[in-house]
Every structure is written in structure tokens, then in C-alpha cells.
Amino acid sequence: MDELIRRNPEVAQQQIPGPVFITGIFRSGTTLLQNLMAELPAVRAPRLWEMLAPAAAAAGEPERSAAIKAAEEYVTEYYEKAPLFKAIHPLDAHRPEECHRLTGGTFRADIYALRYRIPGYVAWLREQDMRPSYAYHRTLLGCLLQAEPAEHVVLKCPSHMWHLDTLAEVYPQARVVRLHRDPKACLPSLCSLTSVVRGARAGEVDKREIGGYWAEHVGRALAETRPAEVLPSGLPVLDLRYSDLVSDPVGTVARVCGFAGIPWSPAAADRVRGFLAGNPKDKHGKHSYSAEEFGLDARELDERFAAYRRAFNL
């Protein structure tokens, strides 16, 4: 990557006009919304293979084909290690994926606390300036856009919920779409995801520790989250409920397009419907879990997140 930028310094200065960042607590519908947005002809939603190898994406052949093959092998191996993951969060080398993959190389990224039990790292990360991580994100995104330019870029990652001020500093022209779902539904699902991911890397998984970690960490993100049209950082924001996304996905995508200035048409609506028809709920199996196995109590979660739930009518 450094060599690519040395030879092509314009990559680091690549203009990124008005990117759309989809965020929300994990398991709130961000993956579904990004995949629906990616069906629109005017939208560029970076794919897993290119986020795993941004320099290869910008370099052309044969690096590009090699990177695609490596990503396909990565997905195959991931499912071999964590077969239950497919029912939770499908991975596809050729589909959009979370943009934490553009920050992981800085080692200042929330995703590591999902993958591993590392309380010391979590405490350290909360004290760090996240601007270098987001600046690196922007540089890598510039590489991807140099390879395939686009007027409308849509990215997504739940981790942005904890760093919206930093996001605004690095991407001052960004627009933010926040998804909201009742925490008593999100948290057990998120804990189950974490358990499956950690189980692929560790012999033992402490499920109650996972439940305690996410209840506290999500509480930090939602404590001051309230409906708004503009965030305190100055970025425009569109707040959406998970229930509205699943009950009217086509209408929800149309709302996002109106918010972000993305072209919308009957043909675009048909493409969204086509994706939904080809990817029904539980296509890859049913995701089964309970709150109790992670030491979570629905009534306590209702009380803990009461103000947030009232604010968004969840």
C-alpha cells in the first residue's frame, strides 16, 4: 500500500464527495440495508475482496484476480472454522462488507474486541485518538475509488456508532444513516454472533462475559443517542427503525435515496425486490440463541435502555 501511494500520490488526495455511512448497533439491519443499496446502479458499495486487498484492487491485473481468489478462499475457510456464522452474517467475496476492514490494519479498531476477549485492549482503545484510524480508512477508500470511481459511495459498519465525531472530522461531507432496534432483540443476537466468532479462534468462550461486555459497551453508544436531523458534529443524519426496514424495505431504500441524493426509479425498485426475492430470511439457516445463556434479562434491558426505546418508539 505504501508503495502504491508513493508511486501514485494522488490516491491519498482522492475526492470522496458525500459518502453515505450506514450504522447502528450490531444486528439492527445495517447489513440488509447496505445490500439493498448496493443493488442500485448509481451506488458503489465496496466488496469484501477489494477491502481485504485495496492495493490489489487499485493495481489491476494480475493482482486483482489473485485478490478475488484469496477472498473466496478466505470465505470458504471462515465457514469451515465457524459453520454457524453463515446463518448469522453471510460472507461473499463479491458482495459489500463492513468497512472496519479499512481500519483493522491500524490496530485501532473495535472489531478486535468482538473477535477476542481482550479487556486490556478495550480499555486502551477507549483512550486512543481514532483520527489516524479513520484517516487510513479514507486513504484505502481512495484506492478503491481510483480503481472504480463512483459518484455515490455507500459504506456501513456498526462501529461508527462509537466514533461519529471522528467520522465527521475525516469525512466532513458524509451523510449518516442510523438504524435502530430494541436492544433486548439486538443484544442477545450480537452476543451469539460474538460467541460463534470467538469460538472459531478459542477453545473456550465465556458467554456471560460476552453478555456483560456488550450490555456495557452498547450502553455507552446509546446513552445520548436521540432522534435528530443533524448530529452534534454537523453531519446530516437519517434515523430509521429496523421494523420499518423489514416491513417496507423498498420504501426505506427510497427514503435513503432521497436523503442522500441518489437516483431512484421504478427500475431501481425492481432490483431491490429482486435481491429480496433471492435472499429470503433464514436462507442460510435459522439463527438460534437466548438472552439467558449470556446472562441477559429482557426486563433489565428494557429498564436500562428505556430512554432510548422511548425516543425511537421501539
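One way to sum up the overall shape of the range 259-312 is the equivalent ellipsoid from its Cα gyration tensor, whose semi-axes run 35, 22, 6 Å, largest first. Here each label is just a point 7 Å from Cα along the line to Cβ, and for ILE5 and VAL205 those points are 3.5 nm apart. Please list, by residue number, everything in the range 7-40 whose backbone N is under 17 Å from a paramagnetic label point 7 Å out along Cα→Cβ of ALA277. Counting only backbone N, you get 36, 39-40.
Want the number for TYR79 to GLU300: 0.36 nm per residue separation, take away the alpha-carbon distance, what's left?
Here the segment from TYR79 to GLU300 would lengthen by 76.1 nm.
Spin-label pair ALA307-ASP92: with each label point 7 Å from Cα along the Cα-Cβ axis, the two points sit 4.1 nm from one another. Heavy-atom accessible area for GLU72, with the other protein chains in place and a 1.4 Å probe, reaches approximately 80 Å². Considering helices alone, the calculated mean residue ellipticity of the chain at 222 nm is -14500 deg cm²/dmol, with DSSP H runs of length four and up weighted by -39500 (n - 2.57) and normalised per residue.
In debye to the nearest 20, how big a dipole does the range 1-119 give about its Cα centre with +1 on each Lys and Arg Cβ and -1 on each Asp and Glu Cβ? Dipole magnitude for the range 1-119 comes out near 340 debye. Taking ILE68, ILE210 and ordering them by how much accessible surface each has at a 1.4 Å probe, largest first, produces ILE68, ILE210. With a threshold of 25 Å on the Cα-Cα distance, the over-threshold entries among LYS184/LYS207; LYS81/LYS184; LYS86/LYS207; LYS184/LYS281; LYS184/LYS286 are LYS81/LYS184. Both radii are taken from the alpha-carbon atoms of the chain; with Rh as the Kirkwood radius, Rg/Rh is 0.94. Computed over the range 1-132, the percent of Cα pairs more than 27 Å apart is 28. Around the Cα centre of the chain, unit charges on the Cβ atoms of Lys, Arg, Asp and Glu (plus for the first two, minus for the last two) sum to a dipole of about 360 debye. Remark: spin-label model distance VAL122-GLU216 equals 0.6 nm, labels positioned 7 Å along the Cα→Cβ axis.
The values are calculated or read from the model by the stated rules, or taken from the named source; none is laboratory data. Quick caveat, the model's predicted, so the values are computed rather than measured. In this analysis, Cβ positions are derived from the backbone assuming ideal geometry, glycine residues included, and neighbour counts consider all displayed protein chains. Heads up: the accessible areas ignore ligands, DNA and RNA and are worked out on the full protein's heavy atoms, side chains in. Shrake-Rupley method; radii C 1.70, N 1.55, O 1.52, S 1.80 Å.
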